[in-house]
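J.: Below you will find the structure I want to go over with you.
Read-outs throughout are calculated quantities, based only on the coordinates presented, and are distinct from any laboratory measurement. Owing to the predicted nature of the structure, the values given are computational and were not obtained by experimental measurement. Ideal geometry is used to build each Cβ from the backbone, glycine not excepted, and the neighbour counts take in all protein chains shown.
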Amino acid sequence: MPHSLVPASLRYADQVVRSGSIQKAARELHVAASAINRQILQLEDELGTPLFERLPRGMRLTPSGEAVIAMVRRWRQDERQLAAEVRRLQGVHQGVVALAAMDSMSTGVLPRLVDDLSRSHPLISLSVELATPDDAEVSLMGGKADLAAIFNLAPRRELLVLWKEVLPLGCVVAPGHALAARGSVSLQQATAYPVALQSRAITIRRHLEAQYNWLFKEPRRFVESNSLQLVKQLAMGGQHVMFTSELDAAAELADGRLVFLPIRDRGAEPQAISVAVDAAHPPGPIVKLVAERLVAVLQESLEAARAARR
């Protein structure tokens with residue numbers, strides 16, 4: 001659709017929230033700051049309540065403002081779906097799908113998904129945000145994402161899970177590591193070696209802390225990082241072990257650069273990967289198509305990683 005169906009005042013208010021100030025929003029939208037301010041003031045006057053607190057260093061939403069912005073983002077998501085549906089009725093698979101995904105998918109799953117869509121549906125574009133599981137969930141419920149692939153998604157009535165796969169918790173090492181030839185390992189065995197840990201923003205790390213807090217009380221050799229790529233590089237270096245799922249290292253497991261060993265400790269709960277949408281906004285045909293291709297690529301990646309163990 002060449003012009004948005006969402007009123008300019010609402011779009012301007014949403015951009016101010018995203019940018020943090022009217023001046024920054026003006027630069028993003030290529031609109032005069034005075035015009036944005038005027039539209040917001042008029043909107044506040046019509047609603048009879050302030051939407052923002054004007055602070056020396058920016059703008060902060062009031063409770064009324066939060067409700068309005070949540071509505072705006074739902075409307076914008078509906079608008080994208082409407083545009084996709086109109087194109088579908090015209091016989092054209094064309095549109096933009098906003099996808100929230102995990103960092104671990106950036107080197108295997110997502111490039112394959114983009115390549116697949118480029119070949120089979122060249123008029124579909126992806127807007128990909130790499131996020132933590134918590135942030136991906138917020139993006140989905142807030143209307144910022146149309147679709148999300150999230151680790152360890154807790155059941156919520158606000159979210160509709162289209163596909164889910166259970167993933168065993170494991171220890172990942174280089175092929176030449178002393179543990180590599182074992183069929184499985186205990187945490188006690190694994191932590192006899194230097195450990196590369198993901199940050200507390202990742203649910204696997206929080207699970208380890210909750211179930212096996214002794215890992216973090218005793219003096220141990222470990223490196224902690226919010227970069228999964230760094231953690232994997234350390235594991236591939238041959239000295240460190242990492243705790244993760246098969247999907248986090250699917251590409252490296254499939255080509256033999258890493259080896260996955262299930263953890264046999266009692267209470268080692270499996271992880272899960274889910275593809276989900278906002279339950280209040282059933283996915284349109286373009287989102288469904290991208291979701292189907294995403295699930296197919298995820299399944300293929302897991303099959304390739306698991307085949308390497310057999």
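J.: Write out the trypsin sites (Lys or Arg not before Pro) in segment 40-80 meeting two conditions: DSSP loop, and at most 14 other Cβ atoms within 10 Å of their Cβ.
T.: The qualifying sites are Arg57.
J.: Using helices alone, what [θ] at 222 nm do you get for the chain, with -39,500 (n - 2.57) per DSSP H run of 4 or more residues, divided over all residues and rounded to the nearest 500?
T.: -13500 deg cm²/dmol
J.: Taking neighbour counts of Cβ atoms within 10 Å as a proxy for exposure, in what order, fewest first, do Phe260, Phe216, Phe222 appear?
T.: In increasing order of surrounding Cβ atoms, one gets Phe216, Phe222, Phe260.
J.: Next question. Provide the net charge surrounding Gln211, with neighbours chosen by a C-beta distance below 10 Å and charges set as Lys +1, Arg +1, Asp -1, Glu -1.
T.: Taking every Cβ under 10 Å from that of Gln211, the sum is -1.
J.: I would also like to ask the following. Report the gain in length on full extension from Ala296 to Glu158: 0.36 nm times residue separation, minus Cα-Cα distance, nm rounded to one decimal.
T.: Full extension from Ala296 to Glu158 adds 47.2 nm.
J.: Putting +1 on Lys and Arg Cβ atoms and -1 on Asp and Glu Cβ atoms, find which of Thr49, Val68, Thr244 reaches farthest to the positive end of the dipole of the chain.
T.: Thr244
J.: Starting from the Cα of Lys164, draw a straight line to each of the lysines and keep only those under 23 Å, dropping any in the same chain fewer than 8 residues away.
T.: The reachable lysines, counting only those whose Cα sits under 23 Å from Lys164, are Lys144, Lys288.
J.: Further, regarding this structure: Excluding Gln229 itself, what net charge comes from residues whose Cβ is under 11 Å from its Cβ, given Lys and Arg +1 and Asp and Glu -1?
T.: Residues close to Gln229 contribute a combined charge of -2.
J.: Treating only the Cβ of Lys, Arg, Asp and Glu as charged (+1, +1, -1, -1), what charge dipole size does the chain show about its Cα centre? Round to the nearest 20 debye.
T.: In debye, rounded to 20, the chain gives about 420.
J.: In debye, nearest 20: dipole of segment 8-67 around its Cα centre with unit charges on the Cβ of K, R (+) and D, E (-)?
T.: The calculated dipole for segment 8-67 is roughly 320 debye.
J.: Now a separate question. Between segment 22-51 and segment 215-262, what is the separation of their alpha carbon centroids in Å?
T.: If you average the Cα positions of each part, the centres end up 48 Å apart.
J.: Over all directions, average the projected area of the Cα convex hull of the chain and note it in nm².
T.: Here the figure is 19.0 nm², rounded to one decimal.
J.: How much length is gained if the chain between Lys24 and Asn226 is pulled fully straight, taking 0.36 nm per residue apart and subtracting their Cα-Cα distance, in nm to one decimal?
T.: 69.9 nm
J.: Here's another thing I want to ask about it. What distance in nm separates the two pseudo spin-label positions at Ser125 and Arg54, each 7 Å out from Cα along the beta-carbon direction?
T.: The modelled label-to-label distance comes out at 3.5 nm.
J.: Could you work out the relative contact order of segment 169-269? I mean the mean sequence separation of Cα pairs under 8 Å and 6+ apart, divided by the number of residues, in percent.
T.: 50 percent
J.: Can you check what the net charge comes to around Val161, using other residues whose Cβ is under 13 Å from the Cβ of Val161 (Lys, Arg +1; Asp, Glu -1)?
T.: Once positives and negatives cancel, what remains is -1.
J.: What length, rounded to one decimal in nm, is gained on full extension from Glu79 through to Ala178, with 0.36 nm per residue of separation minus their alpha-carbon distance?
T.: Answer, rounded to one decimal: 30.1 nm.
J.: By the gyration tensor of its Cα atoms, with a ≥ b ≥ c the square roots of the eigenvalues, what is the shape of segment 169-269: rounded for a/c under 1.5, prolate for a/b over b/c, or oblate?
T.: Rounded shape, in that the Cα axes give a/c under 1.5.
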